[in-house]
Structure formats: C-alpha cells, structure tokens
Amino acid sequence: MMDLNMFGADLPYNMYIQEEESKVNDGWNFDLEDYLAPHSQVPHPWNRQTAGESHLDMDFILVAEFSELEGPREVLTIPRGGSSNFNITDFSVRIMSLDHQTTTKQGFHLIEDSQVTFSEIKDSVFAFVHHFALYDRHARGYVRPFAISYITPDSRKLLQFYEEISQQMKKVVRYLKYGNKLVFKNSLEMHLMDLHYTKAEMLLRMRSRKSSHQVSDEDVCYKNLRTLEANITETQNVLHTIKLSLVDKKLEHRFARLEEKAKIETPRVKSDSWSLQEWEEIEATYSVSSVSGSYDGSSLSDNTTGWTLFPDTRYYRPKTVKISSGRQFDIHLQGLHELCSWGHREGMQKLRHLYQFFKRDMAVLQVESNDKTFMDPGPSALYFGEDCIGVNLLTGVDKKCMGCHCLQADIPGLLFNKCSSIESLSFKSAASSFRSVNDDDAESMKSAISATGSPIVNFGLYNENDVPNTFELEKDNIDLYSNNEFIRHLTFKIQQLDIDISKDEPMGPIENAEDRTTIDNVKKFVESFGDGNKERSLDDVEKLEEGNGAISEMVVSTSTLLGEDFEERSSGTSDHEDFTCECDLSDVETEGMRDRLHTLTAENVGQLEYEKEAKNEKEAGSITIAPETEKTSVLAQSIKNESMLERDSEGMTSYDLIRLNIENLIPVDFDSPEQESTLFPSNPDNNSPDADNLACGFGILHIMTKYASIKHVIYSILIGRSVIVVGTPDLEGEVKNIVNALKIFLTSYHRNHKSFIPWTKCLPSLYKMTDLKLVGVCRPERKPFDRFIPSAIKKLCTVFDVKRREIFCPVYQGYYLSLLDNRVRNYKMEEMLTTLIKSIMVEISSKAFIYFHSFCIGPAGVGRQDYKFLQQQSSSFQRRVSNFMAKIGVHDSDAHIIEFLCETIKQQLIQDHFQTRASVSHMPERPLATHNDLCCQMMKC
Amino acid sequence: MWQKLWRKGDQQKDEDKEVVEEIEGEETCNPYTELYFLQHHSDIVRHLLVIDDRRCVSAGDDGVVVVWDTQLCMKLSFFEAHSRPITCMLSIDGKNKDSNLLITGSSDKHIKVWNIDQGKCVQDITEHGTSVKCLLPVLENMFVSAGEQLHLWGEDGALLDTFPLDKQEADISLLISTNLKNERFVTACDKELTVYSIKDLLDLNETSYRICQDKRLPEHLEAVRALVPVSDKLFASGSLDGTILLWSSETFTPLKKLNTMADYKGKANMYPYSVQYIACENQKYLLAAIGCGFALFDTVSNTLLCRKVKAHYSKVTQLTFVCDGLLLATCSEDGSIRLWGQKSHNPGEQLAVKASMGLSPIERFLDINFGQLHHSKSPDHFPEPVLLGECLGHCGSVMRIVDQGLEGMFSCGGDHLVIAWKNSELQKMKRNQVIQEKVLNPSVIV
C-alpha cells in the first residue's frame, strides 16, 4: 500500500519533469499546459478534516444581498466561484436570514452594522458575517441589506483573528458605506430637484388649466400636488439625515482624488478598475438610461456623468417625474458598484487584500502575528536585502526573550547547539559570551512583502519564491544560470520529498524500501536530463543515495537547517518535553499549534504553481486572482500522499517538534496593505524588468564561487561604502547579475530612494552615492578604466572592474565574512546559502543590538566635552568603541560593520523624527563616510 | 573650460622640476571622515559665509542665497535673491542686535538686505545703478558698495553719497577698511590701489557723510587679486604677478615687497605665481595662495616661514587653518581640498602636548612657540609642510572653504555643491545624543 502510494506520488512529478525536459530546447517554457495539469481535484495534503462529501476546502469571501426581488442572493465571491464544492446559494440564504435590523423606529433612519460569527460544525463551515445596509432611492425603505462573510473551514482562524477580521471588515464596509452615502445623497438631491421642477411644471399647468375651468381635473391635480409635497418633505428629511452623517472628509477627499485621477486616464483604464465578475454588469448598467434627469453635456461627457461622485448640481437639468404614492418594484436595482461608486473600488480592493492575507494557513498567520512586532517601530528595523530583518533595535527590549517572540524562545539555542556539533553554523562559538541575544538570532528572521506586492518569502524550509523566479530567468535566456541551476532546484525539491519521507520514521536512519524507491526514481529522471547536466545532478543524487544509509549526513551536506532539524529528530528527541517556552502558551495551545503545522509545508509547495500564475496574471494587467485549488501543483499532491502515510504513523512526536522548529524559520509574507504602504512604498514605475523578476540575492552562490575576493566587496557594502561594478558593454549581463546578487546585503533596500542601479550608461555623480550603494556601470570599450573612474570616486567608493577582474576596496579582516567565504564551497544550493547569509546577518545584527543599547544610547555614546580638539574627541571615541567591541567579541573589520549598521538605524530614527515633526520642512542630509582610516588595495579576483 | 584643461595640461608638463605630492593609503591624520552634500544651487557656488556657530550662508551664480544648518547639515531657508550672479555678501548685525542681516550685491544692479532669522527681504536697493562688485561695512551700520562707482549707504538703505570715479577700464574689485573705526578704506581697481575716507559734515542740525579720495598708491605690475588688512598699521596686497606688497595704513607708503618673481608671466601668460588669496593670522602672519602652492610669511621679520610650491595640480583658490591650526586646508581649481601639517611619529602624544598649551594656530601649525619663532632667523628652520590628507568630493573647482571648528569644514565649488566635511566619530556621538534626547524621550522637548 505504502509502496504504491509512493510511486503514485512520484508519477505525476516524474511526468512533469519529463514533459519539461522535452521543452528544454524550446527555450525553457515552464508554463504547464492545461492538459498536463491533473484533472482530478487534488485534496489538501494535510487537511485536518477527513475528506467529506461536500466540505469546504478553502477560505473564501462571499458578499450576499437580500434582494427585494429575488430574496437572498450572492453578489460576488472572492475568489470568483468561491469554493468548488460548496453550496453558496444555500449559505447565502442562511446568513441573510439572520435579520439584524432590530430597530422599530418609524421613518428613515441610519442602520447600524452588526457582526456575527456563524458556525456549522457538522459541515465544518465557519463564517464571520458582517451585516450592513446600503441606501438606494429605489429600494424598499431606501434600504438594501448586504452581508460580507468570511467563510473558512478553520474555526480557529476566526477565533484567533476575530479582532483583526472584524477591524478589516469594518474598514471595507466603511468604504462601501461612505461611497454609498455620497451616491445616495447625490441621487436624492437630483430627485429633489426633479420633484421641485415637476411641482413648478404642475403649478404652471394648473394655472393654465384654471382658465379652461375643468373642475374634475383640478381634484386630480391637487391630489397629485399633495403627493408631490409629501414626496418632497420625505426626500428632504432623508437628505437631511444623510447629510448629517457625511462627516468623513478624509475619505471624501480620497474619493475625489481617485475620481480626479480617473478623469485624466482614458475611460478604458477607468473601467478596468472595477473588480471581478461585476464587469459584465458594469457594461450593462452603463447602457441603462439614467433613471433620473441628465446633465448638460456641455461640460461633461455623458460617460462621466454616470459615475461621478461629485457632480456639479449647476449642470443638472431636472426633468419631470411620474407622480405616484406607491413604489415601483420592477425597476432595475443598482449593482453594488453603482451603489458605492469609488467606495466599491476601494472596498473591494481592501476585501481582496483581506482575503489574500487570511486565506493562508493558520500557522502562517500565527507566526506572522508573532513576528509582526519586529516591524514596529518601523524606523528602528534593520533590513538586509528585501526580505530579511536583521533585528529591530527598539523592539522587545523589555521582554524576557529579547528581540523575539517568545513562543519558540528555546529553539534557536537548540539549533545552534546542533549545528555546532555538525560544524555547520559554528560562528556561535565566537558569540558565546552573549547567549541571551544569540538564542534569539534565528527568530528575528523575517520576511516581508516586496515593492511589487507579491509575497517574498525567502527564509524558510522551502524557498517558494525562488523557483518561479528561476523560471522567469530561464525564460529570459540568461545563459549564465544554465540548466544546471534548474536541475539543482529540482533536485532540491526531490530532497524535500525525501526529507519528508524520512520524517516518517521516528527511529532515525533506517534503510527501507520506500526510500530506496524514491531515490531510484529521482535518479531515473535526473538521468533523463541532458548529458551536459548529468554529472552535476548526479552528484546530488549520489548524495541522496549515500544519505539513504545515513540520512542525517545526507541532509547536512545539502542543507544546514534541514540538517539540524533532522539531527534533532534522529537524536531520539528526548528533550521534547523541555521544549515549551516559559513565557507563553498553555499545552493546549501548543497542541493546536502543532496541529496547524501539518498543512504548512504542503501549503508552501502548493503555492508554487499559484505564485507563478499570479505573476502571469499580474503581467497581463488583470486584477483577477485565479483560484488556486483548481491547479494544485503536482508537487503538492505528491507531498500530500506522503502526509497520508504520515498520519498512519506515530503522528505527534518528534516530527511535530521538527515542524515546530521549522515554523520558527518559516516564510512570512505580509500582505496587509497598510504595512505595504507604510513600510515598503511600492515602486510601480520601476523600469528595469530584470531587477523585478530576479529575487533579491539570486545568483549569490554563483558570484561568490566565481570571484575570489568578493568578501571585500561585501564588506564595503556592509560598511556603507558605495560599490561600483564596472563592465564593458559586452559584460552587461554579468554586471547585472553581480548587482542583483549583492543586493541581498543592502541595508537600505526598502527605503523610498533606490539604493541600487543594475546597469547604467554613465557614472552617477558622487553626491548621489549617499543613496546609491550598488551601481552597475557601463564603461565604453575605448575609454580606459583609469580615466573612466575619477579619483574622487575611487577614493570614496569601492570599484569592481569585472573586465580585468580587479577590485579596489578596503581589505576585510574579520570573522563573519571570512566564515561566509569559507562556507560557500560547501553549498550546492543557493537557498541554503542565502539562509546562511541571512543567519550571519542576524548574528551581526544582534551585536549591533547590544552595541546600540549598551553603548550608543548609554553615557559612553555621548562624547565628553572637555577635549578641545576635534582629533582628540574623535580618537577618544574610537578607543571607547573598540574597547566595547572587544568586550562583545567583535574585532577588526567586523566592528566597522556593526558601527555602520547602528549608524543606519540611528539615521533612520533621526530622519523619522524629523519627518514626524511638522514644524521642520527640511530634512537633514544623509552622510557619506569616507573611510579614510581604511587602507584600500587593488585586488585580483 | 577649454582653457582650464589647457592650463592643467600645461602645468603638468612643467612638473618635471617638482612633482605634486600624492597621498596613498589610509589617512590617519585626516579628521574629515564623513561628508554631507548640501544641494540646492543650480550654478557655481562662489561665496560661503559663517553666520554663527549653527548657520552658514552660501550664494552663487544662480542668484540664490541658501541658509544652512551646519550642525544637522540641512537647509534652513533659501532666498531667490537675484536674477544674476551674486558677487558679494556681507553679514551685519541688525538695528536691535538680535537679528542677523545679510546684504547681497549682484550683477543685476540690486543690493538686497535680508533678515536671516525671519527669512525675508528687508530692503531692495536699486539706486546702485551698475553691477555691484563688492561691499564693505563702514563706520557704524553703514556700508559702501563699489562697482563702477562708490556708494555710501545708511543702515536703512538710504543713499548717503556717491563718489563718481574717473573713466576707468575696470570696476573696483576689492574693498578693505584700514583702521578700527572703519572710516578709511582702500579700493583695488585693476593694478591700482586708492585710499578713500568718509567725512562727516555737520550742517546745522543734520549730519551728512561724504566720500573723499585721499590718495592714489603706486601701481602694481599686474592686476591686484588680493587685499587684506594685517593690523591697525599694516595692510597687504597681492597681484597677478606674484608680488605681495605691505603697506602702512598711516602713511600709505609701501613698506616691503615680498615674493618678487622675475619671470612672472610664465609660459603663455599663465601667471604661475599669481596671488589668489591672502589670509592674515595673529595680525602679523600672512598665508598666501600663490599659484599652485602656498606660502607663510612673517610681516614683522619680513621672512618666508615656509612654503609649498606645488601643492595642487591647479591654482589654489583659498586656504585656511582648520582644527585649531593643526592643519592647513587649501582648496584648488583641481577640485580637491588638501590638508597640510607637520609630520610626526606620534600624533596622539603631540596632540596632547599641544592641547595642554594655549597655542595659536600658527604655533601649532609650525610646531613651535613664538619665543622660538622670534629667535629663528633662517627659513630653512621649518620643514616643508607635509600632505596629511586629501578631501575629494567636489567634481569642479573648489571656490571657498570655511572652518567651523568642531563642526568641521565647509566648502563650495563649481559643481553647484556645498559640502560639509565632518568627523564621523563626532557625528556618531551627536547622533547618539539626538537619539537619547529627542527620539527616545520625545516628551522632554515640547
């Protein structure tokens, strides 16, 4: 049974690879054809619910309405179509039947929202429902009830994140309601004008008729006039109530800005901003003739009158209305987008963000919420590259477990113990004097959303983001990362599978048939690759095979982190019991936590396909997000099969412990729009597609193995010295790759300014070097190198001449980067190297943390004023710094790195301070350090 | 531009005799390890003026005056003052002494008075009529402006007197006052120096002022490029031919001729020994920027104390003592600022000794006290200053440098930039202080 299952798991994967192989020569097109995608619905790998008949298999958002014509009906779902085997109509009826309008007041009044949670334990469907009402002049009682529900199979998500979901829902509804109120107000105003106009007309007619003395008609007229009067008073009352509630000027301005922007753009683009499936409706409703009067076309085109939220009533030409005391119900009721105008656009956008954020697994959300503390306060966070926060200098200072969430406080220590035993992350020894900080190193790892908005996830068991990027890269035919690179990725995935399998045996390295089969399979299809790539890939396979004998060794040789986990597992896991952190979590919670973790790995792998899709979609300019379940990846399927096995086995022992360990290092992506906007201002006008496509730090392994003295360049980046990579036009690709790889070390990656340029035709001015830290420059062939680089640049910047393979820079003499340099050769996998880099960065950051708190903001950090000379003050400060650095075990060049990191944070803090102080209109300039005290050398590499 | 390149090339050919010193490797004596690029100007920045220990003002050919905070290195305010290049600036105290006034003159024929604290124009004087070349404060709260004519202005900007000059080919380019009361001043107009004084005439109950020409002094061989008061009794002038003349402020007779050159025109009339700038220290020492080098003279003993003939690749535009005289900074058209001092094997120890004694910058620079200085007669006694550091940051000629003590040094140049040169350790300390005081305890300052 097991055997069969395993094979079954690998079969589609095998097919996948073979199919890919056939395409190798056609330029690496990795888009899976439709017919290759598995047809059957792939169940969730580690789903907690047993596969029911019609259960809910994913989260979705449903907007439902109680239509006065049709009764409860669905308006839209996010994603489109909702969950495949879930009866939405039934559900709509159920949620809309909860009547929330409890008031018994007469006449028109504003209706309060209500939020309820709704659970159907039998079907394991849980929903958070937000009921609200929108106003429509044509609706019964002017009111149309709506409800937005977040529907999930995971009840804990609702319980754990009730506050967050509730808050976010309120925000969404705020947009909708405010937009709606504005629309309603406009419609009422127009209607009122119509009514007044009609009244005037009628009076005129009556006067003219009076002359003809038709008494019978007069009665009708008076009756009509009375109705009209009543209508006018009613409308005026409603308008009054509505106007009183329109107090949110901020939102109004926002809508006005949006409208202004849309007016500039072409109508085509404007209509694109409408969302999802209502597209058809929009088209349809635009053609519906306006129910009310029309605007004078002189100033505004017809097209704009339909949607403007801020019409100028002067241009409104009223028309007569049919007088009737009753209401018409056959009239076309407006769609949500018409009811809310810009509020709909904003609200839906927010709703989609909400979905993107909460649809992820509970465990991911939990880890994120733990890690979120690192983002705050923003200016004191130290970033490396685009997705690693080394440390936040002002976070968690008062906590017992400094600088981390306390949930897994003991794990890093565990990790480090393990890794020192396997000689993998041995830099711990140098830092052993500062255990308290060390222990938390790995936890401060964090990732966040990139500027483009796609989740960037790097630090984790599985680097899901790198793989699609590889695809992209290969598509671009950058020959440098040849097929080998891809195979490495593939083999990496395979190893993943193996690791998962081996986890099934809690007793450690035992040879068994299943594993053998897998390895053979792997070998088979790796062999089926082109001859050129064979050797290298086989190396990996060989390792796998060896590993079968002693699995722990195998893993260690390929990946440190996995290796540690594995060691942990194979060592018999007796320390499992000691594992709970003193500061947090009852046993029950831990249990729940573990439970959730079951889905984790599969989620990440499964996301692969989806990520790629989403990327393509984005490129196509569409907002629609495809449902991911439809095409769950083959990999996910295979892993899922393993998870079936896993469930059969012991289940909750060391395996979970490993998982728990892994969770510590799990990818985190922030989808929340607020964070995105505040911390990582998006940069839509980025005109270098290469830089966008490549993940930060991609190719670092290649660069580090190719150029011997690269550590000195890295050192330059880490002390804030601008690095200029110079290459002749034929080396453009290489220069770009170097810049892209080295980006991972940039500390100012996220800021508003761009801190790197992959390739430029002319050398930037020196004053730009305060912001630009990494520049690829094209040197014309005929211009000699020495004349191309002015002496000032040469003095203040590190220059890397790719053509001659020469570096002119300060020499690095220290521990951390040498360690990195020495380890590079041990790494075959780039993911692992980036992980190592990040862990080293975190290690360094932790030193910066101590330096900041114990030195900078203490009395020692402020100079004594009794020295008269600049040089005296300066040298006494230098002495104090070097004494302190020696105390915390930092020597030589490393001290400069730590000083720079601290200075970066200080500058960020000061800058933030000035930004938030409204009285100051100008900002202090950013400095450029000259590093006069460092001796620059020309080095071959 | 072409000429500059040409000149540079020419000079490099001359360097067979003496090569310009270069500095390699680490510069342990260079205290300026952090630089700030202060950007606002859109043309050559020619003037830099220190207002107080927190502020300095820059002005240039774009007609804009920018006030900079020298401690935080940020722009405080800017005035789009003139439509043509600003040619001269003058900082004076306001009427009630608590405000700083800045007077700017420009080739757009305007003189404007600014209140720096309030950041607004107080007066716009248009009666000058011609391009303004230089400004000088005279008597109390009055000032003289010069160009084609001499004008005397009251503190409220009222024109008090105009002195029409003879038909001359050149405008007055330099103005200095020669005595403490500021009532007598010397103008330099091409090769010629002229002495003027301001007389107050008491007419009934009103005082009126008048500019009177006192004396014309013997001409220089070439155009006068530098004019500086040395003491109450002495002033100095330097000219294109390299001559520095010392004049008595009482009799207005030449007392001494320093630095006479035989073949002063050099190759292709390049004037390689021209005097660009003279600064005075201790009322008796003259620091002169001569050609591509500099020299230090003693006006009492009339000796050359030390010199560096080839200090830069191009002409030295200005020089000043920085770090309390431990270093001499020279800036040049070659775009660099160089720091000169005495070589010592143990800078730390030397510094401690120097700090313990109340020495003047000259003593520190020459590493000798005045007592010893008076006894030594031969100029060979002092070694040639050594290049201790080079500040590279400008990508055009450096026009002016000013010293701000512990706040470092400021420079401006042809690349439209003002650069603040600071010590990174001091800046680190300052940042620590700011973080401690402001960021972490925001409640302290309200």
Point to revise | Count - residues of segment A:890-937 that are among the aromatic types (F, W, Y) and within 14 Å of A:F849 (Cα to Cα) | key: 1
Point to revise | Meets criteria (surrounded by fewer than 22 Cβ atoms within 10 Å (Cβ to Cβ), in contact (Cβ under 8 Å) with a residue 40 or more places away in the chain and not basic (K, R)) for A:I844 | key: no
Exercise for review: Could you tell me whether A:S854 is under 20 Å from A:G390 (Cβ atoms), of a type in the set (G, A, S) and in contact with a Gly (Cβ under 6 Å, 6 or more places away or on another chain)?
Suggested key: no
Exercise for review: State which residue is modelled with the highest pLDDT when the search covers only segment A:59-115 and only residues that are of a type in the set (D, E) and surrounded by 13 or more Cβ atoms within 10 Å (Cβ to Cβ).
Suggested key: A:E65
Check your understanding: without any contact (Cβ under 8 Å) to a residue 60 or more places away in the chain, within 13 Å of another protein chain (Cβ to nearest Cβ) and within 17 Å of B:V434 (Cα to Cα): does that describe A:Q915?
Key -> yes
Check your understanding: Could you say whether any residue in segment B:229-238 is more than 15 Å from B:I290 (Cβ to Cβ), open to solvent by less than 50 Å² (accessible area, probe 1.4 Å) and more than 18 Å from the chain's Cα centre (by Cα)?
Key -> yes
Point to revise | Qualifying positions in segment A:764-779 - open to solvent by 40 Å² or more (accessible area, probe 1.4 Å) and touching a Lys or Arg at 6+ places or on another chain (Cβ under 9 Å) | key: A:D771
Study note, to complete from the structure: If we keep only residues of segment B:142-197 that are among the hydroxyl-bearing types (S, T, Y) and not in a strand (DSSP E or B), then the residue farthest from B:L90 (Cα to Cα) is B:T178
Check your understanding: Quick check: is even one residue across segment A:870-890 surrounded by fewer than 20 Cβ atoms within 10 Å (Cβ to Cβ), within 11 Å of chain B (Cβ to nearest Cβ) and more than 19 Å from B:N423 (Cα to Cα)?
Key -> no
Review point. Of the residues that make up segment B:270-288, is at least one in contact (Cβ under 8 Å) with a residue 60 or more places away in the chain and over 21 Å from B:P383 (Cβ atoms)?
Key: yes
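Matching residues to (1) among the hydrophobic types (A, V, I, L, M, F, W, C); (2) open to solvent by 60 Å² or more (accessible area, probe 1.4 Å); (3) at positive phi:
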residue	(1), (2), (3)
A:V129	yes, no, no
A:D136	no, no, no
A:K199	no, no, no
A:L204	yes, yes, no
Exercise for review: Quick one: B:H375 ticks every box in (1) at pLDDT 90 or above; (2) more than 22 Å from B:C323 (Cβ to Cβ) except a single one, so which number is it?
Suggested key: (1)
Point to revise | strands (runs of 3 or more DSSP E) fully within segment B:69-111 counting 3 or more residues that are touching a strand residue (DSSP E or B) at 6+ places or on another chain (Cβ under 7 Å) and within 14 Å of chain A (Cβ to nearest Cβ) | key: B:74-80
Point to revise | Per-region count, segment A:802-817, residues over 36 Å from the mean Cα position of the chain (by Cα) and more than 18 Å from A:L766 (Cβ to Cβ) | key: 7
**Study point:** Criterion violated by B:V386 - all others in (1) over 21 Å from B:V45 (Cα atoms); (2) within 11 Å of chain A (Cβ to nearest Cβ) satisfied
**Key:** (2)
Review point. Which residue pairs have Cβ atoms closer than 9 Å, lie 6 or more positions apart in sequence or on different chains, and pair a first residue in segment B:138-160 that is of a type in the set (S, T, Y) with a second residue that is crowded, with 17+ Cβ neighbours inside 10 Å and modelled with pLDDT under 85?
Key: B:S145/B:H128; B:S145/B:L175
Review point. Among the residues of segment B:213-234, which ones are over 26 Å from B:D161 (Cα atoms), assigned to a strand (DSSP E or B) and among the basic types (K, R)?
Key: B:R225
Practice item. Output the number of residues of segment B:395-445 satisfying the condition of being open to solvent by 30 Å² or more (accessible area, probe 1.4 Å), more than 10 Å from chain A (Cβ to nearest Cβ) and farther than 23 Å from A:K906 by Cβ. Key: 3
Check your understanding: Out of curiosity, is A:F800 aromatic (F, W, Y), in contact with a strand residue (DSSP E or B) (Cβ under 7 Å, 6 or more places away or on another chain) and either surrounded by 21 or more Cβ atoms within 10 Å (Cβ to Cβ) or under 27 Å from B:E34 (Cβ atoms) (or both)?
Key -> yes
Review point. Looking at segment A:760-772, is at least one residue closer than 27 Å to A:S818 by Cα and away from every other protein chain (no Cβ under 14 Å)?
Key: no
Check your understanding: Which residues, counting only those in segment B:35-61, are more than 10 Å from every other protein chain (Cβ to nearest Cβ) and either free of Cβ contacts under 8 Å to residues at least 24 places away in the same chain or among the hydroxyl-bearing types (S, T, Y) (or both)?
Key -> B:S42, B:R54, B:S58
Revision key, fill the gap. Residue set A:E899, A:E925; condition open to solvent by 10 Å² or more (accessible area, probe 1.4 Å), closer than 29 Å to A:G699 by Cα and within 13 Å of chain B (Cβ to nearest Cβ); output residue A:E899
Exercise for review: Select from segment A:138-160 the residues that are open to solvent by 30 Å² or more (accessible area, probe 1.4 Å), more than 23 Å from A:E234 (Cβ to Cβ) and among the charged types (D, E, K, R) and list them in ascending order.
Suggested key: A:R156
Review point. Here are some residues: A:M939, A:M832. Which one is surrounded by 21 or more Cβ atoms within 10 Å (Cβ to Cβ), in contact with a Ser or Thr (Cβ under 9 Å, 6 or more places away or on another chain) and away from chain B (no Cβ under 14 Å)?
Key: A:M832
Exercise for review: Could you pull out every one of the helices (runs of 4 or more DSSP H) wholly within segment A:220-293 that has 2 or more residues that are modelled with pLDDT of 85 or more?
Suggested key: A:249-264
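The values are calculated or read from the model by the stated rules, or taken from the named source; none is laboratory data. Being a predicted model, the structure only gives us computed values, none of them experimental. Reconstructed Cβ throughout: ideal geometry from the backbone, glycine too, with neighbour counts over all protein chains shown. Only protein heavy atoms, including side chains, enter the accessible area calculation; ligands, DNA and RNA are left aside. Shrake-Rupley method; radii C 1.70, N 1.55, O 1.52, S 1.80 Å.
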